Amino acid sequence: MDFEIVIGFEVHTELKTKTKVWCACANEFGGPPNSHVCPVCLGMPGSLPVLNREAFTLALKTALALQCDVPRITTFDRKNYYYPDLPKNYQISQNDKFLGTGGYLEIDLGEAGHKKIRIHNIHLEEDAGKNIHPEDKNVTYSLVDLNRAGVPLLEIVTQPDIRSKEEAAAFMTQMRNFLQYLDVSDCKMQEGSLRFELNMSLRPKGSDAFGQKVEVKNLNSMSVVLKCIDAEFDRQSDMLRNGERVMSETRLWDEVKNETRAMRSKERANDYRYFPDPDLVDVDITPEIRAAAQATIPELPLARRRRFEEQYGLPAYDASVLTASFTTANYFEKAVESHPSPKGISNWIMTEGLAWLNKQPEDTTIDDFPVKSAAIAELVKLIDTGAITGKIAKQVFPIMLETGKSPAVIVEEKGLKPVDDSALGPIIDEVLADPRNEKTIADLRGGKAAAMGALMGAVMKRSGGKANPATVTPLIRKKLGLE
Amino acid sequence: MHLPTAHELSEQLNRGETTSVKLTQQYLEKIERTEPRLHSFITVLGHEALAAAEASDRRRAYELPKSPFDGVPVAVKDNMITKGTKTTCASRILDNFVPPYNGTVVQKLQDAGMIVIGKANLDEFAMGSSTENSAFGRSNNPWNTDLVPGGSSGGSATCVAGGQVPWSLGSDTGGSIRQPAALCGIVGMKPTYGRVSRYGLVAFASSLDQIGPMTLDVEDTAHLLKMISGYDTKDSTSANLPVPDYAEEMRKGSLRGKKVARPKEFFTGEGMDAGVARVVDAAVEKLASLGAEIVDVSMPHLKYSISCYYLVATAECSSNLARYDGAQYGYRTEGAKNIVEMFSKSRAEGFGAEVKRRIMMGTHALSAGYYDAYYSKALKIRTLLKQDYDAALKQADLIVAPTSPIPAFPAGAKADPMSMYLCDIFTLSLNLAGYCGISLPAGFTANEGLPVGVQLFAGAFEEVKLLQASYEFEKALGVVGSRLPAVVG
């Protein structure tokens, strides 16, 4: 029997605010343990939460950008459970009057077209701290770092609309890109500011019914999510083929064994006893508040892609590749600003930039690329003005990447300037006099245009690549009396 | 001879007739003398109070007092967070907890230059009506030390009634200020929900808790209320409304022509001590004699108030008290083998019986499958109760009610939890509605000579109206200062 994958995601993203969601502590990754804490985020007796406006605005902006239905009144609830990284032993979240429901993210599946991944709800909550278990086996305690406790966390829960690993990959990269465009989160999976929890079930191909879903946590990169989808596919399909029942449960990804393992059964009813948090008041999303949040929504990926095609005359492929990442698109536009040669710059980014990026860890962006946008622009400018040849540029680039030096400096230092036209004459004479080239010259004289390429190659070789092709061609023709 | 009020002490200080150090020393001596019999305090702040008093006297020497009450001692219930001073909530689970911050109200007292002289005893986490649930032993009623003072702000009541401190703060979730005030013969007020910041009040039931004054007379209540009231950016539920000069406004009203609603459900006589009933009835007559029109009304949902209260309050407390797990602060069990055992044993050993009972009731009320039948239904009843209050207050300016069905009772007399819960039958509906109310000394039972209180209620943020009526009513009743308790500092 063939099975079809059914996937829904719970996307958790830490909002990029100055302070935490209920208190004035800094919202910063890292720092010595328990250095960004106060009575409120420590859950001290007597302390009370107060909603951070900035966090709420970023959450609202995201809900609106995802086309969610946003109610007039939204409220906060307590989710009660005991865990040492949760100082109050309840998490302030939303379970009833969500910030947003409905809505969708439209993903691009390349040749397979577009697909809307519907959103069940989007809500604002607080992140928990981190438990640290010392590696020393003799240590009988664990430690808790509450720097992250109270960091605003936006949870986006999708409908089970994803049907393959490829769709899951497209959803994850495009959701990350969407959130980066909105500028609401750093979206660094390694730091935990973006986390995907997988809800996955299988069903016989052609069936409309949903199978029993399993929730998987602890997936700290997109490649791990994809590995997990494979592992779960194998595990669940084996079970189904053997006539076993898939249990409703939460599983954890085991990085070492490359498999999921049971964390807790959902069938033993995990009752969170949600109820409205009496310490917080209803939030009235007035038309003014809504309009103000709407106004902060920037140009989104699809619109930017169309603009790249129109404004810069880029081919559709270039526009789609460049805008698939907020930072890459920004890098491109910055480079074009200093040297308006869009296609030339696009070529360099798409070949060299993205090739480099593909070799880096997932959270890396083009902003981490040692070659900055101004340097790429300068390199293309050197080519465009004939100051160097494309061939020389290929030699210059690795040095830029390695040293971070500007291309002009490298050209100067390495003596890569094009050969002076006056010095070209003797080089061309030598090439034309070379008996090995006799046949090629005859071909050229006979009207075979392609023969020029071979002569050009020989000139280039002799000049160490420094000859300017634009000058070489007419000189050869002139010297052969073909003018 | 009567016990000096805070406004009298303030005048003495302002006139230079005494100093804060002298006053503080006097009160510390009174505490030392009477504390073995009253047991009002969990912590007495001797050195700290004297140091603060010296600073106050220096400010007055430079004629730079922070307020007219600069240098006047005060006690706060030990569920109010005090920076650097242990805050126990009368619970074993917090008996070593020294907070690193001040609650807003305590900060306001210090900003007014007042001397916090002690942390008063209470029922554990403010759950109870007698202080018998304190992990550190009960407080004793100054009128008869064999009797309880009421609760949960029992220590805050005994220290004022027994002359150990001129005034104090309590907290009122279902009557915890007003009932002990009545049983100890003092004034106790629950302000409108949101009038006083809850930041730094250790939560029992967040939607009901409110800090309020416990004083010897209405004028002191007006002064202390002004000092602690106001909007607080740290408390989302605090009201952004101006704070009137209550003591000034208090003198401007008259009961003549005012309508006072008498809900028949409060005056059925059922479960009511005859001696208390006589005093309360006489007080209502006194209101009429002052020119108030007594309007008989019905508040049909009052009969559900105990059920409603014990669902809402316990549900909230089950979540509020979840944080006491031994992980970060407070009591931690020894030798637990894993985190679950550490949590459950710390809580089992750290909490007393009544707290556990309420956590279990509240957990049940919020559980899947029971939520709709209990918690959700209680919220609906709460709305109906509030509508009853609104209807009564539409017909009248104020509502009159007894404070407690019985006078102070012997320790151990209410071993059955339900009989203890009934002590608050006249007080807890006001917290569910969120409005303001006050208990005034109305007289004494004829047989035992025990104090009896009478309540007045007013609508949201109508503290001025409430205090105007109370000020006049108090004078007419003539009870304040008429008798001294058996134990007095």
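FYI, it's all coordinate maths here, none of it is from the lab. Please read all numbers here as calculations on a predicted model, not as lab measurements. Ideal geometry is used to build each Cβ from the backbone, glycine not excepted, and the neighbour counts take in all protein chains shown.
Overview of values
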item: Using alpha carbons only: equivalent-ellipsoid semi-axes of chain A, gyration tensor based, whole Å; result: 56, 26, 22
item: 222 nm mean residue ellipticity, helices alone, for chain A (DSSP H n ≥ 4; -39,500 (n - 2.57); rounded to 500); result: -11500 deg cm²/dmol
item: Two-site FRET efficiency, residue A:142 against residue A:448, from Cβ-Cβ distance with R₀ of 60 Å, rounded to 0.05; result: 0.15
item: Cα gyration tensor category, rounded, prolate or oblate, for the range B:333-489 with a/c compared to 1.5; result: oblate
item: Trypsin sites (Lys or Arg not before Pro) lying in DSSP loop within the range A:233-325, provided at most 16 other Cβ fall within 10 Å; result: A:245, A:257, A:266, A:268
item: Cleavage-rule hits (trypsin sites (Lys or Arg not before Pro)) in the range B:179-265: DSSP loop, at most 16 neighbouring Cβ within 10 angstrom; result: B:256
item: Amide H contacts under 5 Å for residue B:236, placed H, 5+ residues apart; result: none
item: Label-point separation in nm, residue B:256 to residue A:133, each point 7 Å along Cα→Cβ; result: 7.9 nm
item: Candidate aspartates and glutamates for bridging to residue A:227, where Cα separation is under 18 Å - those fewer than 8 sequence places away on the same chain excluded; result: A:4, A:10, A:166, A:167, A:197, A:215, A:238, A:254, A:255, A:259, A:362, A:363
item: Paired Rg and Dmax values of the range A:421-479, which use every Cα atom, in angstrom; result: 10.4, 29
item: Extension gain (nm, one decimal) between residue A:299 and residue A:480, 0.36 nm per residue minus Cα-Cα; result: 59.4 nm
item: Tensor-based shape of the protein assembly as shown (alpha-carbon gyration tensor, a/c under 1.5 rounded, otherwise prolate or oblate); result: prolate
item: Low-density loop cleavage sites - chymotrypsin sites (Phe, Trp or Tyr not before Pro) in the range A:149-245, where at most 15 other Cβ are within 10 Å (DSSP); result: A:210
item: Rel. contact order, % - alpha carbon contacts under 8 angstrom, at least six apart, chain A; result: 14 percent
item: Overall Cα dimensions of the range A:219-311, principal axis frame, Å, largest first; result: 56, 50, 26
item: Label-reachable residues, the range A:453-474, where backbone N falls under 16 Å from a point 7 Å from residue A:395's Cα toward its Cβ; result: A:457-469
item: For chain B, calculated [θ]222 nm from helices alone, where every DSSP H run of n ≥ 4 adds -39500 (n - 2.57); result: -11500 deg cm²/dmol
item: Order of A:60, A:382 under a 10 Å beta carbon neighbour criterion, fewest first; result: A:382, A:60
item: Residues of the range B:188-227 with amide N under 13 Å of the 7 Å Cα→Cβ point at residue B:11; result: B:219-220
item: Listed pairs A:439/A:479; B:259/B:394; B:190/B:356; A:20/A:88; A:334/A:381 exceeding 19 Å between Cα atoms; result: B:190/B:356
item: Per-residue mean of C-beta atoms belonging to partner chains within 10 Å, peptide B:315-325; result: 6
item: Evaluated at q = 0.13, 0.15, 0.16 Å⁻¹: base-10 log I(q)/I(0), Debye formula over Cα of the range B:6-253; result: -0.71, -0.97, -1.11
item: Global geometry of the range A:359-442, whether rounded, prolate or oblate, following the gyration tensor of its Cα atoms and the 1.5 cut on a/c; result: prolate
item: Volume per residue of the C-alpha convex hull in chain B, rounded to whole Å³; result: 136 Å³
